[in-house]
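Sharing a structure with you now.
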C-alpha cells in the first residue's frame, strides 16, 4: 500500500511501545528475586489449560456466559495475530501473502474462513460486553472509561477489517476490480469469498457505494485498522489491558507444587535485614518481580472481591483496591525503586566502609513518601483476611494475593510491632505451653485416657504418627472427633501412636499472623521431636496442621509424608480395612475446609466417605469444592474478634441452613467450632447437626 | 524517677502439681515469671515510656533466671540484678523483704513496684514487709498509677468498700493487681537487644548481707509438708423432666443437705 | 493457755460474719479471746463483739478512722496485740486484712501466714495449714516465732453461736493519720445489695442466662432467698453484671452454705471463687459442663425452664 507510511507508523509505534516496555521490565528487574523457571513442561501445560484454554472463565459454572464471551474475544485475538502479520505485509507490498497461509494451501483458506467467523463472533462478544457493562452492570465490574475505550477499539478493529474485506469484495465482484486487487482463487478450493460469509455480509452494507467511494473505504479501513491496532498496542501497558501481554507469562510463572509462593523463612538473626527493614514486606521495593508482574496483570475483573468472605461480610478488604493501590504505589515509585536497585548493586561491590554508609544513606532516602501499611494499605484491610485463597482460586490470570498479605503482616509484627494485640493471649499460650489456650502442656494427652492409645515415648516403632493438634487435644467439642478417629484407626488395626505431651502447636496461626519468631520456635521444637523419633508418616487430624507439617516444615528440615484423616480413612475403606453402613439418616451436606480443599486439593475423599454413610442422600452447597465459603477462622482470625460487618461464620451457617439438611459435615476443628456456633446463633443447633467426617464414619462403622 | 520492680521465678500454675512423700514432684514442671510480677514490669515500662523513668528489676533466688530477666529486658526494663545464694533456698517473705531492703538502699529507688502476690506461695506479704523494713509508705492491690510530680504519685486501690484513691509520697512501695494492665508480648527487636544486655549477678555477700540474716535461722515460718489439695467430688446429676427433677433436688436440699 | 486476738470485720457499721467464725475457732482450740475493732462510731458494737465470743474488746473509735488506711489500722492492731499479749492475731479474709496483716507481723517481728485453713497448737508451737500454688496443693507450716499473724480463708472456720464472752472494753489511743499515703476518696461500689462475701446463700448467673432478661429472672430467685447475687466472668465482661459481682479467682472468693450456679459452665477460674461452698447446686443445659464435676446437685436443663419451677418449690419448702 504505502511502504513509507507503514514504516513510519511501525517505527514510531514500536519505538514508543518498546520504551514503555523497557520501563516496565526494568522496574520488575529492580524488584526482589523469585524462582519460577523450574518444571518447564508443567508450566507449559498450565498455559495451555488456564491461559489458552481459559479454564477459569469457561470452566466455571458461575458466569459461564460472560466467561465464554471473554474466551471468544481472546481466542479471536489469537487467531487474528496471523491476519495482522498479513496486513502489515500488505502495507509494504501489495498482494503480500504468508507462506503456508497463502492461496496455494488449504490452510490458507481454512484460516481466512476461521478469521472471518472469529471476527464476527468477537464483534458480537464485544458488543455484548459493552451491553453487559452499561446495562446489566454486574457488581464486580468497575465501569472505567478505559474499559469502554478498549471495547470500542476492539469493535473498531473488527469492523474495520470486515469492511476492509467487504470493500475488497465489492471492488472485485461488483466493480470489476479496477485496482487489480489480489485475492485467493484456487482451482481446488475456489474463490476466496466463498469462505468468508461475514465479510460478504459486511460488503452488502456498503454495496450501494460506487467504485471510487468503495476504494476510499478500502484505504480508510486499512489504515484505520493499522493505526487502531498500533494505538491499542501502546495503550496496553498503561492499564488493565496490560494483561493482554502479561497474562500468558504470568500463568507460565504461576506457583507449582503449592498453590502460591510459600511464606519465606525469615532469618531473624540477620542484622542487615533489621537495618534495611527487609523482614517481611515494609516497602514497595520489597515485592518480588513475580508479584510486580501480578500487579501488571490484574484485569480488574473483580472476581476476587466477589468470592472474598471478608468483603462479602462488609470488612474493608477489597482486593481490587488492594491490587490497584499496590500497583499505583509501585508505578509512582518506579524511578526510586530502579535507582535503589542500582545503589544496592553498588553497595554489594563496595569495599570501603565509609562509602558503604553513604550509599546506605542514599538508599534510605529513596523510600516512598507513603507508608506501605498505613497509607497505601490500611491495617483493618490487612488483618481482615482469613487466607482462604478463594481470590487466588478464581483469578483468571493466577494472581497470588495471599502471600503479599502474609508478608505485610510479617513486617507489621516484626518491624512495626503493630499487630492486633488480642493475639497476645494465644501467642503467650503457645510460648509457654505449646497451645493457644495456654492450658498446661501436661494435660495434652488427657483426652486419650483409657482409650488404649500408644504414646511415641512408650513405643515409637509404629507405622503412623497421629498428629492430634491443639483443638483435638484441648477443645471439649473437638476431643470427641479425636476419640472417633482413634476408634476408626483401632478398628482398622492400624499401628499408630500420638506424641501426647510432646506435641506442640505447629505454629500455623502464628505464621499466618506474621509472627515468624513464634512460628519458628514451635516448628523447630516439633521438628526436633519428630526427627528424634524418626517419624516418616503422619495422619493429621486438622487441615491447618496438615498444611504446615506437609508444606512448611520441609523449609526447616522436617520432611514427612502427611495426609489428612479423611484421605487416610478413605484409603482404609478402599482397601477394605473398614466397612461403612449407609445408616446416617437425614439429608447431608459438606462444608469444604479452605486448608483441606483449596490448599491441599482434597475434595473427593470426604465426599466418597459421606456418600458411603448417607442413607438419605448428599447435597452440595452452592459454594462448594474449590469455591467453598470460608468459615472465618483461618489467617489467625480464630483468635480475633470480628468487630466489623456481619460475622463470616453466621453468613455460612445461613447458607447451610437454607439447604434443608439434617447434618453438615466438616473436616476441620476450626470449621467445626465456627459452623456449630453459627447454627447455635441461628437457633438451629437441634435440627442441623454439625459433625466432623470422622465422627460420622465412627458412628456408621460396620 | 528511678523504679525498681521485683521479679520471681515460680512454677507454671497451669500444670498439674503432684505431691509425693510430703514434697512436690519436680519432674515435668516448668518455671515461668510470676504473673503479678509481669504486671509490675509492664507498669514500670509504661512509666518509663510516659514519664521517662529509669527501670531496674531485681530477682531473688531461682537459679538460672537469665531467660526470665531477658524477657523483662525485652519488655523494656533497662537494668537487672540477680541475687542468688544457697541461703535463699528456703526463704520466707520476711527474709526476701530483708534482702530487697538492701537492694533498695543501694540503688536509691524512688518507687518499688512488686506484684501483689507470688503464684507459688500466694502469700502477698513481701512488698508490704519491704515497705515496713524501709519505713516507706505502701499501697497494695493497686490498679492504676498516675505520676503527679517528682515526689508524689496517685494510685487507685481495690479495697473492700470500693476503689480507694490514694496519694502516695515517694519514695514508696506499691504492689499491683492483675487488673492494672495487660503485659505486652516482647517484640522481636526487644528480644534481640535483650540477648546482649548484662545481668548484674551476685550472692548475698556481694550484696552485703550475712547468711545469718537470710539463712534458716532468720525464717519466721517454714513449710514442713506439702499435701494434695482436697478435690471436690462430683455429686449427683439429674436429667429428665424439669418439673420432676427440680422438685426432687429441692427436697434433697432440705432433707439431705439440710440447707433449708 | 493461748491468747487469740481477732480483728473485727466491720463494714458500714455492721459486724460481719467472719468475726464470729474466727472467735468460734479460737474458743474451739481452747484459747482466750479478744477482739480489736477500728473505725468511726463503732463503740456501740461492744455488746455484739462480746456476744460473738470475745472476753476483751479493744476499740479505736475516731472520725479519722472512718476510711480504711493501712498504716493507722496496723498501729491499732499492734497496740491491741501488745496490750493483750496475744499469741495469735487473726484477720478475716478481706482486702483490708491482707493489707494490714503483714505490717503488723513486721512490726511485731512475728510470722505471717495468709489464707490459713486450719491452725493447731502443738508442743513445739503453732502450726497452720494453708493452700499454695493457686490452690493446687496444701502446705503445713511450722511457725518459728512466738507470735503468729494470720489472715483466715473465707469460710474456713465454723461459726458456733452461743459462746458469749464478757464485755470488757479497752479504749485504744488514736494513731496519727498516715501523711505519706493519704486517702483522697473512696469510689464506693456499694449498691445496697447483699454482700457476697457474707451471704449465707449465693446465687450466681452465667452465660446460660443469655441477656438482661435472663439475668433478671435469676435475680428474682436470689431475691426470693435473700441471697447474695453473683456472676461469672462472662456476664461481667458482657456488661450484664457489675465488676464487683464477679465470683472467681480474680474476683470475689465466697464460701456460703449454699451456692447456686445458674447457667455457669464451671471454668477453673470460677470454681476457684466458690469451691469452698458447703453445698453447690448447678443448673446447666449442657450435661458435659465442668460445673457438674463439683456440684453436689446438678440439674441438667434450661435455666429459663428450671428457675420458675425452682422458685415455686423453694417457696413451698420454706413455708
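The values are calculated or read from the model by the stated rules, or taken from the named source; none is laboratory data. Here the structure is a predicted model, which is why all the values come from computation and not from measurement. Here the Cβ positions follow ideal geometry from the backbone for every residue, glycine too, while neighbour counts run over all protein chains shown.
Give me a count of the residues in segment C:1-22 that are in contact (Cβ under 8 Å) with a residue 40 or more places away in the chain and in contact with a helix residue (DSSP H, G or I) (Cβ under 7 Å, 6 or more places away or on another chain). So that I can check it myself, show each step before the final result.
Within segment C:1-22, the subset in contact (Cβ under 8 Å) with a residue 40 or more places away in the chain is C:2-9, C:11-12, C:16-22.
Imposing the further condition that a residue be in contact with a helix residue (DSSP H, G or I) (Cβ under 7 Å, 6 or more places away or on another chain) reduces the set to C:3-9.
Qualifying residue count, segment C:1-22: 7.
Next up: How do the pairs read when you match residues in segment A:320-332 that are without any contact (Cβ under 8 Å) to a residue 60 or more places away in the chain with residues anywhere that are outside any helix (DSSP H, G or I), using Cβ under 6 Å and keeping only pairs 6 or more apart or on different chains?
The qualifying pairs are A:325/A:376; A:329/A:376.
If we keep just the residues of segment B:239-258 that are more than 7 Å from chain C (Cβ to nearest Cβ) and outside any helix (DSSP H, G or I), which is farthest from residue C:285 (Cα to Cα)?
Ranking the qualifying residues of segment B:239-258, first place goes to B:258.
Test residue C:240 against the criterion of being touching a helix residue (DSSP H, G or I) at 6+ places or on another chain (Cβ under 7 Å) and part of a loop (DSSP other than H, G, I, E, B), and give yes or no. Walk me through how you get there before you give the answer.
Values: touching a helix residue (DSSP H, G or I) at 6+ places or on another chain (Cβ under 7 Å): yes; part of a loop (DSSP other than H, G, I, E, B): yes.
Against the criterion (touching a helix residue (DSSP H, G or I) at 6+ places or on another chain (Cβ under 7 Å) and part of a loop (DSSP other than H, G, I, E, B)), residue C:240 qualifies.
Taking into account only those residues within segment B:18-68 that are away from every other protein chain (no Cβ under 12 Å) and part of a strand (DSSP E or B), which is farthest from residue B:8 (Cα to Cα)?
B:54
Count, please, the residues in segment C:179-211 that happen to be modelled with pLDDT of 90 or more, over 21 Å from residue C:247 (Cβ atoms) and surrounded by 15 or more Cβ atoms within 10 Å (Cβ to Cβ).
Result for segment C:179-211: 4.
Among the residues of segment C:216-232, is any away from chain B (no Cβ under 11 Å), within 15 Å of the chain's Cα centre (by Cα) and either part of a strand (DSSP E or B) or in contact (Cβ under 8 Å) with a residue 60 or more places away in the chain (or both)?
Initial filter on segment C:216-232 (away from chain B (no Cβ under 11 Å)): C:216-224, C:226-232.
If we keep only those that are within 15 Å of the chain's Cα centre (by Cα) too, we end up with C:228, C:230.
From the residues that got through so far, the ones that are either part of a strand (DSSP E or B) or in contact (Cβ under 8 Å) with a residue 60 or more places away in the chain (or both) too are C:228, C:230.
The answer is yes, given that some residue of segment C:216-232 is away from chain B (no Cβ under 11 Å), within 15 Å of the chain's Cα centre (by Cα) and either part of a strand (DSSP E or B) or in contact (Cβ under 8 Å) with a residue 60 or more places away in the chain (or both).
Could I ask something else about it? Could you give me the residue pairs with C-beta distances under 6 Å whose first residue belongs to segment A:33-46 and is touching a residue at least 40 places away in the same chain (Cβ under 8 Å), whose second residue is in a loop (DSSP other than H, G, I, E, B) wherever it lies, and which are 6+ apart or on separate chains?
These pairs meet every condition: A:36/A:253; A:39/A:256; A:42/A:256; A:46/A:254.
Suppose we filter segment B:113-158 for residues that are more than 25 Å from residue B:14 (Cα to Cα), surrounded by fewer than 24 Cβ atoms within 10 Å (Cβ to Cβ) and facing chain C (nearest Cβ under 7 Å); how many remain?
So the count comes out to 4.
Would you mention how many residues in segment C:165-203 are within 9 Å of another protein chain (Cβ to nearest Cβ), in contact with a helix residue (DSSP H, G or I) (Cβ under 7 Å, 6 or more places away or on another chain) and assigned to a loop (DSSP other than H, G, I, E, B)?
Number satisfying all stated conditions: 2.
Kindly check whether there is at least one residue in segment B:226-238 that is in contact (Cβ under 8 Å) with a residue 12 or more places away in the chain and more than 14 Å from chain C (Cβ to nearest Cβ).
No, every residue in segment B:226-238 fails to be in contact (Cβ under 8 Å) with a residue 12 or more places away in the chain and more than 14 Å from chain C (Cβ to nearest Cβ).
Another one. Give me the strands (runs of 3 or more DSSP E) completely within segment C:81-164, filtered to those with at least 1 residues that are crowded, with 21+ Cβ neighbours inside 10 Å and under 18 Å from the mean Cα position of the chain (by Cα), ordered by residue number.
On the way: elements: C:88-91, C:111-116, C:118-121, C:126-132, C:137-143, C:148-152.
Answer list for segment C:81-164: C:88-91, C:111-116, C:118-121, C:126-132, C:148-152.
Regarding residue A:626, is this residue farther than 22 Å from residue A:498 by Cβ, touching a residue at least 60 places away in the same chain (Cβ under 8 Å) and under 23 Å from the mean Cα position of the chain (by Cα)?
Numbers: farther than 22 Å from residue A:498 by Cβ: yes; touching a residue at least 60 places away in the same chain (Cβ under 8 Å): yes; under 23 Å from the mean Cα position of the chain (by Cα): yes.
For residue A:626, the condition - farther than 22 Å from residue A:498 by Cβ, touching a residue at least 60 places away in the same chain (Cβ under 8 Å) and under 23 Å from the mean Cα position of the chain (by Cα) - is met.
Taking segment C:48-77 as the search range and keeping residues that are free of Cβ contacts under 8 Å to residues at least 40 places away in the same chain and farther than 19 Å from residue C:26 by Cα, which one is nearest to the other protein chains (Cβ to nearest Cβ)? Break it down stepwise before answering.
Of segment C:48-77, the ones free of Cβ contacts under 8 Å to residues at least 40 places away in the same chain are C:48, C:63, C:66, C:73-74.
So of that shortlist, the ones also farther than 19 Å from residue C:26 by Cα come out as C:63, C:66, C:73-74.
On the way: C:63: 16, C:66: 11, C:73: 12, C:74: 9 Å.
Ranking the qualifying residues of segment C:48-77, first place goes to C:74.
Checking residue A:107 against (1) assigned to a helix (DSSP H, G or I); (2) in contact with a helix residue (DSSP H, G or I) (Cβ under 9 Å, 6 or more places away or on another chain); (3) more than 20 Å from residue A:72 (Cβ to Cβ); (4) without any contact (Cβ under 8 Å) to a residue 24 or more places away in the chain: exactly one of these is not met. Which one?
(2)
Let me ask something else about it. Just checking, which of C:45, C:67 is in the same structural domain as residue C:122 (by TED's automatic domain parsing), in a loop (DSSP other than H, G, I, E, B), modelled with pLDDT under 95 and farther than 24 Å from residue C:118 by Cβ?
Values: C:45 fails: in a loop (DSSP other than H, G, I, E, B).
So the residue among C:45, C:67 that is in the same structural domain as residue C:122 (by TED's automatic domain parsing), in a loop (DSSP other than H, G, I, E, B), modelled with pLDDT under 95 and farther than 24 Å from residue C:118 by Cβ is C:67.
A further question on this structure: If you scan segment C:275-319, which residues turn out to be within 9 Å of chain B (Cβ to nearest Cβ), over 28 Å from the mean Cα position of the chain (by Cα), surrounded by fewer than 23 Cβ atoms within 10 Å (Cβ to Cβ) and not in a loop (DSSP other than H, G, I, E, B)?
Within segment C:275-319, C:300, C:305, C:309, C:312, C:313, C:316, C:317 meet the criteria.
Checking the condition surrounded by fewer than 16 Cβ atoms within 10 Å (Cβ to Cβ) and in contact with a strand residue (DSSP E or B) (Cβ under 7 Å, 6 or more places away or on another chain), which residue from B:22, B:62 passes? Walk me through it before giving the result.
Values: B:62 fails: surrounded by fewer than 16 Cβ atoms within 10 Å (Cβ to Cβ).
Within the list B:22, B:62, the selection yields B:22.
Would you check which residues across segment C:233-250 are closer than 17 Å to residue C:209 by Cβ, within 15 Å of the chain's Cα centre (by Cα) and within 13 Å of another protein chain (Cβ to nearest Cβ) and list them? I'd like the intermediate steps shown before the answer.
Let us first name the residues in segment C:233-250 that are closer than 17 Å to residue C:209 by Cβ, namely C:233-242, C:245-248.
Narrowing further to those that are within 15 Å of the chain's Cα centre (by Cα): C:245-248.
Within segment C:233-250, C:246, C:248 qualify.
Would you be able to say whether some residue in segment A:660-668 is under 27 Å from residue A:384 (Cβ atoms) and assigned to a loop (DSSP other than H, G, I, E, B)?
Pass one, segment A:660-668, residues under 27 Å from residue A:384 (Cβ atoms): A:664, A:666-668.
After this cut, where a residue has to be assigned to a loop (DSSP other than H, G, I, E, B) as well, the list is A:667-668.
Within segment A:660-668 (the criterion being under 27 Å from residue A:384 (Cβ atoms) and assigned to a loop (DSSP other than H, G, I, E, B)), the answer is yes, since at least one residue qualifies.
Quick one: which of A:103, A:94, A:139, A:90 is loosely packed, with under 15 Cβ neighbours inside 10 Å and over 33 Å from the mean Cα position of the chain (by Cα)? Write out each step before concluding.
On the way: A:103 fails: loosely packed, with under 15 Cβ neighbours inside 10 Å; A:139 fails: over 33 Å from the mean Cα position of the chain (by Cα); A:90 fails: loosely packed, with under 15 Cβ neighbours inside 10 Å.
Residue meeting the stated conditions: A:94.
Let me ask you something else. If you go through segment B:75-112 one residue at a time, how many are without any contact (Cβ under 8 Å) to a residue 40 or more places away in the chain, within 12 Å of another protein chain (Cβ to nearest Cβ) and over 15 Å from the mean Cα position of the chain (by Cα)? Give the steps one after another, and end with the answer.
We begin by selecting, within segment B:75-112, every residue without any contact (Cβ under 8 Å) to a residue 40 or more places away in the chain; these are B:78, B:86, B:89, B:93, B:96-97, B:101, B:105.
Right, trim to within 12 Å of another protein chain (Cβ to nearest Cβ) and you get B:93, B:96-97, B:101.
From what is left, the residues that are over 15 Å from the mean Cα position of the chain (by Cα) are B:101.
So the count comes out to 1.
For (1) within 29 Å of residue B:157 (Cα to Cα); (2) assigned to a helix (DSSP H, G or I); (3) under 17 Å from the mean Cα position of the chain (by Cα), each residue gets a yes or a no:
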{"position": "C:22", "(1), (2), (3)": "yes, yes, yes"}
{"position": "C:50", "(1), (2), (3)": "no, yes, no"}
{"position": "C:71", "(1), (2), (3)": "yes, yes, no"}
{"position": "C:74", "(1), (2), (3)": "yes, yes, no"}
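Conditions: (1) outside any helix (DSSP H, G or I); (2) surrounded by fewer than 21 Cβ atoms within 10 Å (Cβ to Cβ). Residue A:254 meets all but one. Number of the miss?
Only one criterion is unmet by residue A:254, namely (2).
Here is a follow-up. Among what's in segment A:432-452 and is part of a helix (DSSP H, G or I) and at the interface with chain B (Cβ under 8 Å from one of its Cβ atoms), pick the residue that is surrounded by the most Cβ atoms within 10 Å (Cβ to Cβ). It would help to see each step written out before you state the result.
Taking segment A:432-452 first, the residues part of a helix (DSSP H, G or I) are A:432-433, A:441-443, A:446-448.
The next check asks that each one be at the interface with chain B (Cβ under 8 Å from one of its Cβ atoms); those that pass are A:432-433, A:441-443.
Numbers: A:432: 16, A:433: 26, A:441: 22, A:442: 19, A:443: 16.
Top of the filtered list is A:433.
Here is a follow-up. Sort through B:191, B:245, B:209, B:180 and tell me the only one that's more than 24 Å from residue B:134 (Cβ to Cβ) and buried (at least 19 other Cβ atoms within 10 Å of the Cβ). Walk me through how you get there before you give the answer.
Details: B:191 fails: buried (at least 19 other Cβ atoms within 10 Å of the Cβ); B:209 fails: more than 24 Å from residue B:134 (Cβ to Cβ); B:180 fails: more than 24 Å from residue B:134 (Cβ to Cβ).
Exactly one of B:191, B:245, B:209, B:180 is more than 24 Å from residue B:134 (Cβ to Cβ) and buried (at least 19 other Cβ atoms within 10 Å of the Cβ), namely B:245.
In this structure, is residue A:18 more than 30 Å from residue A:138 (Cβ to Cβ) and surrounded by 16 or more Cβ atoms within 10 Å (Cβ to Cβ)? Let's see the steps before the verdict.
Values: more than 30 Å from residue A:138 (Cβ to Cβ): yes; surrounded by 16 or more Cβ atoms within 10 Å (Cβ to Cβ): no.
No: the conditions fail for residue A:18.
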